[in-house]
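Working notes, beginning with the structure itself.
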Amino acid sequence: MNIPLLLLALATFATGTAENIVIGILPEVASGLGVSIGLAGQLTAVFSVTFALAAPAALQLTGRIDRKPLLSLALCLFVVSNLAAAASPAYGVLVAARIGMAVASAIACLVATMLATEIVPRERRGRAIGLIFMGISASLVLGVPAGMIASSALGWRSVFIGLALFAAIILLACLCFVPATDWSKPARHASYRDHLRSAPCLLAQLVSVLMIGGHFVLFAYLAPYLRAIAGMDGDEIVAAFFAFGVAGVCGGYLGGRLSDAVAPRLALRLTPLAYLLALIVIPLVVEYRLSMIAAMMLWGCISWMISPVVQSFLIARSPQTAEAGVGLNLSAMHVGVGLGTGIGGVLVEIATPSALPVAAAALASLAVVAALAATRRTAVTQPGRQAR
């Protein structure tokens, strides 16, 4: 077992968990700080928008500063931010703490990915990156039920204390076992410009924004939805989130397999369409427990397939701007998180939770249109195969 690689995956898991951890404990946070559910839900949007803005700047830092010290600083910032969140006396303090967590997470995720490619042989780099992104995807979907359990037992502030302790342990382990590197390179400003000039690449990035946005319209307020519309109680909701999380982790792997099995352009067309159908099914089966859980798992699985699908398309469509494209896609995903969480929060305030899957399906419909536009008359190639 490659201990340094495992520690890097755990670092992305810890920092990524902070993004969605609030989703499962919205009522407790709102009550504890004296704010509405909708306003508490914006804590996820704050994190996501900050991450999206910080990621490009972090990419510039990684080309100029040695990886290991930068990762250590990011984990230190993450620990301090979570302790501040746990002690926050008011909503504004928690917002500031969430901004610190997001900056730390953006740096840690990018640095961990780059370090992973440097500490393994060249022929194993793909698997190393895959393990890092498994840590990211697992954090996004499994962190919610874990936070719900901790909050139920010890209160919502204990969730942030637990994250701080977990990150501190990983920090110490990384200092001991992750090797230092001297690798650096200048920032590739030209590749960003070239990537942004490509209409198919921009449309593919838009697919990520719209699909992740549609996902978070419902997911960010899934606990209130399950209570009010599906009639689930506390234990059932935790079980539903765990089932959803397992399906979501599998989705990242299946998205990669789909991109390998068919042409990237075909995978980009199929995934948003399947996602739209899954969202349409949810309101139809909401009154039937087992069917609802099955529909949630299908929705969760397909929603997390989109990242490897879009990134495979970007790499195949424009190999010369692949690094910039994948980096921007990480930001695009978090723009989607912020967009969806914001829309969901407005709907929860002015309507009822039953409107959430409808709005999510509307964004998914736009993602289907963007995917079809991105793949129209584009020749996308992979090694040894041409997409037609």
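Here are the numbers:
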item: Coarse-grained scattering of segment 325-369 at q = 0.17, 0.24, 0.27, 0.28 Å⁻¹, given as base-10 log I(q)/I(0) from a Debye sum over alpha-carbon atoms; result: -0.55, -0.87, -0.97, -1.00
item: Relative contact order (percent, whole number), the chain, Cα cutoff 8 Å, 6+ residue spacing; result: 26 percent
item: Accessible area in square angstrom per residue, the chain, 1.4 angstrom probe; result: 39 Å²
item: Calculated Rg and Dmax of segment 34-112 using C-alpha coordinates, Å; result: 13.5, 44
item: Highest average packing first - 277-288, 340-351, 12-23, 36-47, Cβ atoms within 10 Å; result: 12-23, 36-47, 340-351, 277-288
item: Taking the C-alpha atoms of the chain, convex hull volume expressed per residue in Å³; result: 127 Å³
item: Computed [θ] at 222 nm, helices only, for the chain once each DSSP H run of length n ≥ 4 contributes -39500 (n - 2.57); result: -28000 deg cm²/dmol
item: Inter-part distance where segment 130-174 and segment 240-293 are each reduced to a Cα centre, Å; result: 24 Å
item: List Ser88, Ser158, ordered by accessible area with a 1.4 Å probe, largest first; result: Ser158, Ser88
item: Heavy atoms of Cys174 accessible to a 1.4 Å probe, total area in Å² rounded to 10; result: 10 Å²
item: Kyte-Doolittle at least -1.0, axis length at least 18 Å by Cα - qualifying DSSP helices, the chain; result: 3-20, 37-62, 67-87, 91-118, 125-154, 156-177, 199-219, 234-261, 264-284, 289-303, 322-350, 356-375
item: Relative contact order (%) - segment 1-73, alpha-carbon pairs under 8 angstrom, separation at least six; result: 22 percent
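The values are calculated or read from the model by the stated rules, or taken from the named source; none is laboratory data. Given the structure is predicted, the values throughout are model-derived calculations rather than measurements. Backbone-built Cβ (ideal geometry, glycine too); neighbour counts: all protein chains shown. Keep in mind that these areas ignore ligands, DNA and RNA; they rest on the heavy atoms of the full protein, side chains included. Shrake-Rupley method; radii C 1.70, N 1.55, O 1.52, S 1.80 Å.
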